[in-house]
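Student: First the structure, then my questions, so here it is.
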Amino acid sequence: VYQNIELRLSQEMIDRSLDELFGLPLAQGSASRFKIKAAQVYAATYELLLRRLRHGGLLHVDETKVSVAGCQGCVWVFASLDTVAYVYTQNRESEWLRDFLKNFQGVLVTDFYSGYDALECPKQRCLIHFLRDLNDDLYKHPYDEELKRVGRDFADLVRPMIVTVERRGLKVRFLKKHRRAVDRFYRRLDLAPPGSAVLKKYRERFARERGELFTFLHHDGVPWNNNNAEHAIKAFALLRQVINGVTSEKGLREYLVLLSVCETCKYQGVKFLDFLRSGEQDIHRFATPR
């Protein structure tokens, strides 16, 4: 399990290596059976991770495509600062999230995928995604002076906030001073001339998303970006290189149970192999004395 999930070795390579390195001539498919058994053993651990995430005060979410038996599905990652869990769905439709997160009372940090819009909880949209979109359009429209001005104004608005976070942390008592700068930015935006079609798009977007761009100024401990979820999704992307298109839906769900355990161990600062060998079921309890 450690070789398959942590080291991303294929099950075929694991079967062969056990024979060549340790003289264990196991039947073909033994690693697959080990993985199935381990997913069963840690099913309760996985459910505990999901429960912790849904009842926490902060939740990062992201999603990515995956090929399962020739069909396109979607893997979602949910992450807090100390817990990670992955969930598979057969498509990118987001209706299931309403039920999945119906009891979530914290702040949800997301990108700008419209599927998150209907979730009834405070949201912090990733400012890095917004700045990336704005920079892409500035590159495509290098002679749009009004768009350049708005881009500079927004960068000048966000930059001091990031400096405060780096110096003081994600504390409202230090960040609330930037709320007046947000109000000034929007007043200036309202007074600006109509401008080009792309500028009109951004004026509408700024207005539509105002309540979710600066949530971190009103809540302690809420990041201004979704780096936590994006870091967690990269762990699945590495595993996907091993399993993409060659596993069943059931097999993928088993992988996600074990990957959730593996990544949460990293967030907790303990070794995945140590946890597997311990016989423990609760990662947080295992990590506490360490």
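This table checks each residue for (1) of a type in the set (Lys, Arg); (2) touching a His at 6+ places or on another chain (Cβ under 9 Å); (3) loosely packed, with under 15 Cβ neighbours inside 10 Å; (4) in the same structural domain as residue 65 (by TED's automatic domain parsing).
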| position | (1), (2), (3), (4) |
| --- | --- |
| 92 | yes, no, yes, yes |
| 97 | no, no, no, yes |
| 103 | no, yes, yes, yes |
| 106 | no, yes, no, yes |
| 111 | no, yes, no, yes |
| 121 | no, no, yes, no |
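Student: Considering 72, 90, which residue is touching a strand residue (DSSP E or B) at 6+ places or on another chain (Cβ under 7 Å) and more than 21 Å from residue 50 (Cα to Cα)?
Tutor: Numbers: 90 fails: more than 21 Å from residue 50 (Cα to Cα).
Being touching a strand residue (DSSP E or B) at 6+ places or on another chain (Cβ under 7 Å) and more than 21 Å from residue 50 (Cα to Cα) holds for just one of 72, 90, which is 72.
Student: Here's a follow-up. Residue by residue through segment 1-21, note down the ones that are exposed (fewer than 14 other Cβ atoms within 10 Å of the Cβ), among the charged types (D, E, K, R) and out of contact with any Leu (no Cβ under 8 Å at 6 or more places or on another chain). Show your work before the answer.
Tutor: If we filter segment 1-21 for residues that are exposed (fewer than 14 other Cβ atoms within 10 Å of the Cβ), which is where we start, we get 7, 12, 19-21.
Checking which are among the charged types (D, E, K, R) leaves us with 12, 19-20.
Within segment 1-21, 12, 20 meet the criteria.
Student: Across segment 159-173, what is the total count of residues that are without any contact (Cβ under 8 Å) to a residue 40 or more places away in the chain and either surrounded by 14 or more Cβ atoms within 10 Å (Cβ to Cβ) or of a type in the set (D, E, K, R) (or both)? Before you say what the answer is, go through the steps one by one.
Tutor: Within segment 159-173, the first condition is being without any contact (Cβ under 8 Å) to a residue 40 or more places away in the chain, and the residues that meet it are 159-160, 163-164, 166-169, 173.
From what is left, the residues that are either surrounded by 14 or more Cβ atoms within 10 Å (Cβ to Cβ) or of a type in the set (D, E, K, R) (or both) are 159, 164, 166-168, 173.
The total comes to 6.
Student: Sticking with this structure for a sec: Would you confirm, using the coordinates I've provided, whether residue 270 is assigned to a loop (DSSP other than H, G, I, E, B), surrounded by fewer than 21 Cβ atoms within 10 Å (Cβ to Cβ) and among the β-branched types (Val, Ile, Thr)?
Tutor: Details: assigned to a loop (DSSP other than H, G, I, E, B): yes; surrounded by fewer than 21 Cβ atoms within 10 Å (Cβ to Cβ): yes; among the β-branched types (Val, Ile, Thr): yes.
Yes.
Student: Also: Test each condition in (1) outside any loop (DSSP other than H, G, I, E, B); (2) more than 20 Å from the chain's Cα centre (by Cα); (3) of a type in the set (Ser, Thr, Tyr) for residue 247 and report the one that comes out false.
Tutor: Going through the list (1) outside any loop (DSSP other than H, G, I, E, B); (2) more than 20 Å from the chain's Cα centre (by Cα); (3) of a type in the set (Ser, Thr, Tyr), residue 247 breaks only (1).
Student: From 237, 232, grab the single residue that is within 30 Å of residue 134 (Cα to Cα) and buried (at least 21 other Cβ atoms within 10 Å of the Cβ). Steps first, please.
Tutor: On the way: 237 fails: buried (at least 21 other Cβ atoms within 10 Å of the Cβ).
The conditions single out 232.
Student: Can you say whether residue 220 is more than 14 Å from the chain's Cα centre (by Cα) and closer than 25 Å to residue 125 by Cα, as far as the supplied structure shows? Give the steps one after another, and end with the answer.
Tutor: Values: more than 14 Å from the chain's Cα centre (by Cα): yes; closer than 25 Å to residue 125 by Cα: yes.
When the stated conditions are applied, residue 220 passes them.
Student: While we're here: Check off (1) buried (at least 20 other Cβ atoms within 10 Å of the Cβ); (2) hydrophobic (A, V, I, L, M, F, W, C); (3) modelled with pLDDT under 95 for residue 24 and give me the number that stays unchecked.
Tutor: Exception for residue 24: condition (1).
Student: What are the residue pairs meeting all of these: first residue in segment 272-290, first residue touching a residue at least 60 places away in the same chain (Cβ under 8 Å), second residue outside any helix (DSSP H, G or I), Cβ atoms under 7 Å, and 6 or more apart or on different chains?
Tutor: Every condition considered, the pairs that remain are 276/1.
Student: Here are the criteria: (1) over 21 Å from residue 62 (Cβ atoms); (2) in contact with a helix residue (DSSP H, G or I) (Cβ under 6 Å, 6 or more places away or on another chain); (3) modelled with pLDDT under 95. Tell me which single one residue 251 does not satisfy.
Tutor: (2)
Student: Since residue 275 meets every condition but one in (1) exposed (fewer than 14 other Cβ atoms within 10 Å of the Cβ); (2) assigned by TED's automatic domain parsing to the domain that holds residue 89, which condition does it not meet?
Tutor: The one condition residue 275 does not meet is (1).
Student: Under 13 Å from the mean Cα position of the chain (by Cα) and either buried (at least 17 other Cβ atoms within 10 Å of the Cβ) or not assigned by TED's automatic domain parsing to the domain that holds residue 269 (or both): which single residue out of 78, 130 fits that description? Reasoning before the result, please.
Tutor: Values: 130 fails: under 13 Å from the mean Cα position of the chain (by Cα).
Sole residue among the options that is under 13 Å from the mean Cα position of the chain (by Cα) and either buried (at least 17 other Cβ atoms within 10 Å of the Cβ) or not assigned by TED's automatic domain parsing to the domain that holds residue 269 (or both): 78.
Student: Then there's this: Given the criterion under 27 Å from residue 143 (Cα atoms), free of Cβ contacts under 8 Å to residues at least 12 places away in the same chain and of a type outside the set (Val, Ile, Thr), identify the matching residue among 180, 205.
Tutor: On the way: 180 fails: under 27 Å from residue 143 (Cα atoms).
Unique residue meeting the criteria: 205.
Student: Moving on. Where in segment 132-236 are the helices (runs of 4 or more DSSP H), entirely inside, with at least 2 residues that are at pLDDT below 95? First the steps, then the outcome.
Tutor: Details: elements: 145-168, 172-175, 179-191, 197-208, 210-213.
Result: 145-168, 179-191, 197-208, 210-213.
The values are calculated or read from the model by the stated rules, or taken from the named source; none is laboratory data. Because the structure is a prediction, the values reported are computed rather than measured. With ideal geometry, Cβ positions are generated from the backbone for all residues, glycine too; neighbour counts draw on all protein chains shown.
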